[in-house]
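Derivation of every value follows stated rules applied to the coordinates shown; laboratory data play no part. What you see is a predicted model; the values in this text were computed from it and never measured. Cβ sites come from the backbone with ideal geometry, for glycine too, and all protein chains shown count toward neighbours.
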Amino acid sequence: MDFLDEVVITARSGDGGAGCVSFRREKYIPKGGPDGGDGGDGGCVILLADKTCHSLSDYRSRRSFKAGSGSPGGGNQCTGRSGDDLILPVPLGTVVENAETGEFIADLVQAGERFMLLAGGQGGKGNRHFATATNRAPRMAQPGIPGDELKIRLSLKLLAHIGLVGLPNAGKSTLLASLTMARPKIGNYPFTTLIPNLGVLDLDTDRSVVLADVPGLIEGASEGRGLGLRFLKHIERTGVLFHLLDVSEAPAEGVLEDYRRIRNELGAYSRALAEKPQLVLLNKVDLLDPGETKVARIGQALEKEGVQWIGLSALKGEGVQELKRLILANWDAWRLGGLDPRQGVPEIRPEVGG
Ligand SMILES: Nc1nc2c(ncn2[C@@H]2O[C@H](COP(=O)(O)OP(=O)(O)OP(=O)(O)O)[C@@H](O)[C@H]2O)c(=O)[nH]1
Ligand SMILES: [Mg+2]
């Protein structure tokens with residue numbers, strides 16, 4: 001899957017067409033007045049939040065865009081044609097900044113939302129506008145105003161309600177696949193997931209949530225280890241993080257260490273992420289022996305820190321109903337009702353690759 005979530009492009013609006021200097025020339029009318037038409041306006045540059053667009057990969061090869069210029073005015077009061085607007089489609093969740101100053105420009109989140117980035121240059125006025133009582137034959141017209149140019153950074157921050165985080169192999173993609181129609185790649189090895197995946201979970205007739213599965217984190221991610229923290233921007237807009245921990249192998253202390261390592265990395269990325277509500281999912285309970293007390297011990301330690309948790313088997317479905325119940329019960333606390341990120345979700349987007 002071709003996925004690109006940040007790109008710098010240059011956009012330019014169209015130049016205005018020049019106004020025309022012309023005089024009426026008709027049989028039997030020897031000294032016709034000025035009839036030079038105005039130049040057409042240049043086209044605008046418009047950003048369009050397009051729900052059929054899932055990443056910025058369309059901008060991978062082409063980085064420079066220009067709207068159409070206005071045509072010059074003509075004789076006989078003919079106004080020049082306006083230049084065509086340039087419409088740049090972007091995925092929902094695209095943040096636009098001035099690439100030179102870093103200044104925020106726009107955030108496109110609603111399907112069909114348009115943002116006028118650059119207005120086209122105005123067309124120049126034709127000579128007919130310059131006739132006065134003393135100068136009935138003006139030989140001047142305005143030139144068109146040139147378009148504007150701007151270098152912008154487009155940065156996609158996916159829209160999702162729930163972010164799935166955890167070490168590689170914890171079972172994030174397995175959970176996404178079990179809850180939603182998304183078919184992310186799943187593998188028994190670290191870093192199976194290389195790009196974020198979204199899926200929609202319908203909870204009842206009128207409530208659904210979007211989950212974002214991002215590539216696994218490891219200790220040192222904040223220093224660039226593994227895939228680093230570069231995908232965390234895609235869970236910045238979520239209301240809650242589900243932190244998955246594989247409880248099948250390490251002893252209770254080891255699992256708790258894994259937990260703290262990931263918490264540290266999230267904190268290194270941003271305080272906002274570290275302070276987001278979270279639910280710990282103790283995953284792969286199906287691999288534990290019956291009567292094993294590990295999950296309960298880990299759970300107790302988490303509760304002491306005020307951390308909410310449940311046991312789960314993303315693979316076998318154990319705990320999944322409880323998880324859905326918790327999502328509904330925490331609907332308001334996790335701010336799941338606000339933004340409608342669902343419209344930014346592709347139907348089914350299987351992640352492909354070897
Ligand atoms: N037995 C068992 N295996 C699981 C469970 N959840 C996930 N697995 C297995 O664990 C392995 C890793 O699962 P993934 O869903 O790819 O893990 P991930 O967290 O997405 O991993 P990355 O994409 O590398 O970050 C796969 O072999 C899954 O089948 C579970 O509840 N029980
Ligand atoms: Mg994965």
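What FRET efficiency, computed as 1/(1 + (r/R0)^6) with R0 = 45 Å and r the Cβ-Cβ distance, is obtained for Glu305 and Ile87, rounded to the nearest 0.05? Could you put the intermediate results ahead of the total?
Numbers: r = 50 Å, r/R0 = 1.11.
Here the calculated transfer efficiency is 0.35.
Could you list, bin by bin from short to long, the percent of Cα-Cα pairs of the chain in 20 Å steps?
26, 40, 19, 11, 3, 0
Sequence gap at least 6, Cα distance under 8 Å: using those rules, report the relative contact order of region 162-344 to the nearest whole percent.
Across region 162-344, relative contact order equals 21 percent.
Between Lys51 and Arg207, how many nm apart are label points set 7 Å from Cα along the C-beta direction?
Reported label-point gap for Lys51 and Arg207 is 2.2 nm.
Which shape class, rounded, prolate or oblate, goes with region 162-344 when its Cα gyration tensor gives a ≥ b ≥ c as root eigenvalues, a/c under 1.5 marks rounded, and past that a/b bigger than b/c marks prolate?
Here region 162-344 falls in the rounded category.
Where a ≥ b ≥ c are the square roots of the eigenvalues of the C-alpha gyration tensor, would you call region 241-284 rounded, which needs a/c under 1.5, or, failing that, prolate if a/b is larger than b/c, or oblate? Numbers along the way, then the final one.
On the way: a/c = 3.44, a/b = 1.79, b/c = 1.92.
Here region 241-284 falls in the oblate category.
Just the Cα atoms of region 1-156: what Rg and Dmax do they give in Å?
My reading of the Cα-based Rg and Dmax gives 20.8, 71 Å.
What ranking do 23-31, 88-96, 269-277, 180-188 get when scored by the average of other Cβ atoms within 10 Å per residue, highest first?
Values: 23-31: 9.4, 88-96: 22.2, 269-277: 14.7, 180-188: 17.2.
For the peptides 23-31, 88-96, 269-277, 180-188, the packing ranking is 88-96, 180-188, 269-277, 23-31.
Among Val95, Pro72, Tyr59, whose Cα sits farthest toward the positive end of the charge dipole of region 55-145 (+1 at Cβ of Lys/Arg, -1 at Cβ of Asp/Glu, about the Cα centre)?
So the residue furthest toward the plus end is Pro72.
Please label the shape of region 280-337 as rounded, prolate or oblate, based on the square roots a ≥ b ≥ c of the eigenvalues of the alpha-carbon gyration tensor (a/c under 1.5 means rounded; beyond that, a/b larger than b/c means prolate, else oblate).
It comes out oblate by the Cα gyration axes.
Taking 0.36 nm per residue of sequence separation and subtracting the Cα-Cα distance, how much length would be gained by fully extending the chain between Glu257 and Ala111, in nm to one decimal?
In short, 48.4 nm is gained.
For Thr101 and Asn188, FRET efficiency with R0 = 45 Å and r from the beta-carbon atoms, rounded to 0.05?
FRET efficiency, Asn188 to Thr101: 0.45.
Find the centroid of the Cα atoms in region 23-101 and in region 113-143, then give the distance between the two in whole Å.
Distance between centres, Cα-based: 16 Å.
Express in nm, to one decimal, how much length is gained between Ser61 and Arg153 on full extension, taking 0.36 nm for each residue of separation and deducting their alpha carbon distance. Please list the in-between numbers first.
Values: separation 92, 0.36 × 92 = 33.12 nm, distance 1.50 nm.
Between Ser61 and Arg153, full extension yields an extra 31.6 nm.
At a Cα cut-off below 21 Å, give the lysines reachable from Lys316, other chains included and same-chain residues fewer than 8 away excluded.
Straight-distance partners of Lys316: Lys172, Lys185, Lys284, Lys294, Lys324.
Just the Kirkwood number for region 148-248, please: inverse of mean 1/r across all distinct Cα pairs, in Å, one decimal. Mind dumping the intermediate values first?
On the way: mean 1/r = 0.0697 Å⁻¹.
Result for region 148-248 stands at 14.4 Å.
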